[in-house]
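This report concerns only the one structure given below.
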Amino acid sequence: MKGSEKRKKRKLNRLGKITLGSFILFVAVLSYFIWDGIAEQNAAAKRNIQMPPIAVEAVYSKDKESDRIDGKSNIGKDPVVEKNKTDDPNKVDEVVNEEDPKNTEQNIEKNNPDTQEQDEEIDKQKDEAAKHKEELDKHKEEIEKHKQEVEQHQKDVEKQNEEPKKEQKSEQPAKEMPPVEKPKEETKEQAPVKTGKVVYLTFDDGPHAVSKDILILLKKYNAKATFFMLEPNMRNYPDAVKTMVKEGHAVGVHGVTHDTSKVYRSPASFVGEMNKAIEFIQKTTNVQTHLIRAPYGSKPYVTAPYKAAADKEKMILWDWNIDSTDWKLTNGAFVNQVIQQTKQFNNNEPLIVLMHEKPTTLAHLEKILKYYKDNGYEMRALDETMTPVQFK
């Protein structure tokens, strides 16, 4: 009995061990398949994340198109996962690369409208930059051309000044020469400028906002002056021009541009600028003036052809002999300049003082007016019967 019971126990132990081993083997195999499936799904998901969405879409669209032709349907199947089950995982990239590049580019463009807008904006900015560059180049060419014209004009002026007067006359165009058979009538009418205790104050480049205050100050000292004005400034301050005429001051012109490269381009341009300013005074005040002053003075710009053209239009050109340099000495130091030059002048010469209609000139003008009044000077305006003072 005891021997049979022992054999039964041994059999049961072997059977239990076999059963337990089989169960363990089954659990191991099952775990292996479960783990392998999870790992395979993770790898497929990772590849799908790395794969461009447009390329995936292209693969899907290609598979769907082939399935329609074959009469099959792969809806719900991931072509990448299916491919990975049978082939090398690295071949997913080959599937993507084998797609038609043109279709891929079209899909990219369709699915990326923002990229298209950015490209259009970049192209637009490039076009604007190119246009801006063209404008800059054109502006540089104009500046260079203008510079060349100025240099050529300066050379012409120097050449005319070096030539003898006889050669200058022979080179003058016939239309710019004053008629020989018609001597100027005003030469007979002109009288010498009154000298002694008389001073002629002149103001250039106006009118400006300070003109009304200058006129008030002149009235306070019972002083008359002559204003040589620019046409654009007269258009901006026509009332100032009217007041000058109304209060007994003389009005003349100083041109239009005050630009040597333009006003002195030719005798015709010089006379043209003066006539344009004269016409404005005539229309505004009903005064027909012939008084002119050349920008920066008559020397060296107003050569014989220019003078002949001005004489033909019966213009009376005035320079100066006392330069205040108020445009430079804005701190008031120009007052002493005027006083010193006045003291050094010979009584046989007229005093023609050059100043400008500027706020800094207005600030110190009363000192000059007071000096002339205290020293017995009469401050008069120029008139067209006088022989003009010109640079020699």
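The values are calculated or read from the model by the stated rules, or taken from the named source; none is laboratory data. Keep in mind that what you see is a predicted model, and the values were worked out from it rather than measured. Cβ sites come from the backbone with ideal geometry, for glycine too, and all protein chains shown count toward neighbours.
Please specify each residue of segment 285-307 satisfying the condition of being small (G, A, S) and assigned to a loop (DSSP other than H, G, I, E, B).
To start, the set of residues in segment 285-307 that are small (G, A, S) comprises 294, 297-298, 304.
If the condition is that a residue be small (G, A, S) and assigned to a loop (DSSP other than H, G, I, E, B), then A294, G297, S298 are the ones that fit.
How many residues, within segment 226-249, are free of Cβ contacts under 8 Å to residues at least 40 places away in the same chain and in a loop (DSSP other than H, G, I, E, B)?
Number of matching residues: 2.
Taking the stated definitions as given, is A223 touching a strand residue (DSSP E or B) at 6+ places or on another chain (Cβ under 6 Å), farther than 13 Å from M315 by Cβ and not in a strand (DSSP E or B)?
Yes, satisfied.
Just need a number here: residues in segment 240-261 that are more than 20 Å from E384 (Cβ to Cβ) and crowded, with 21+ Cβ neighbours inside 10 Å.
2
Considering each of A310, A363 in turn, give the residue that is of a type outside the set (S, T, N, Q), part of a helix (DSSP H, G or I) and closer than 27 Å to K276 by Cβ. Break it down stepwise before answering.
Details: A363 fails: closer than 27 Å to K276 by Cβ.
Answer to the check: A310.
State all residues of segment 326-360 that are farther than 25 Å from H258 by Cβ and part of a loop (DSSP other than H, G, I, E, B); if no residue qualifies, say none.
F345, N346, N347, N348, E349, P350
Of all residues in segment 197-220, which are at pLDDT 95 or above and assigned to a loop (DSSP other than H, G, I, E, B)?
Within segment 197-220, P207, H208, A209, V210 qualify.
If you go through segment 303-325 one residue at a time, do you hit one that is farther than 29 Å from F270 by Cβ and assigned by TED's automatic domain parsing to the domain that holds S269? Before you say what the answer is, go through the steps one by one.
Within segment 303-325, the first condition is being farther than 29 Å from F270 by Cβ, and the residues that meet it are none.
No, that holds for no residue.
Can you say whether S261 is more than 18 Å from V245 (Cα to Cα), assigned by TED's automatic domain parsing to the domain that holds S324 and more than 32 Å from the chain's Cα centre (by Cα), as far as the supplied structure shows? Steps first, please.
Numbers: more than 18 Å from V245 (Cα to Cα): yes; assigned by TED's automatic domain parsing to the domain that holds S324: yes; more than 32 Å from the chain's Cα centre (by Cα): no.
Answer is no for this residue.
Counting only residues that are surrounded by fewer than 16 Cβ atoms within 10 Å (Cβ to Cβ) and in contact with a Phe, Trp or Tyr (Cβ under 9 Å, 6 or more places away or on another chain), which one in segment 213-237 is nearest to E357 (Cα to Cα)?
Result: R235.
Tell me yes or no: at least one residue of segment 173-188 is among the β-branched types (V, I, T) and at pLDDT 95 or above.
No: zero hits.
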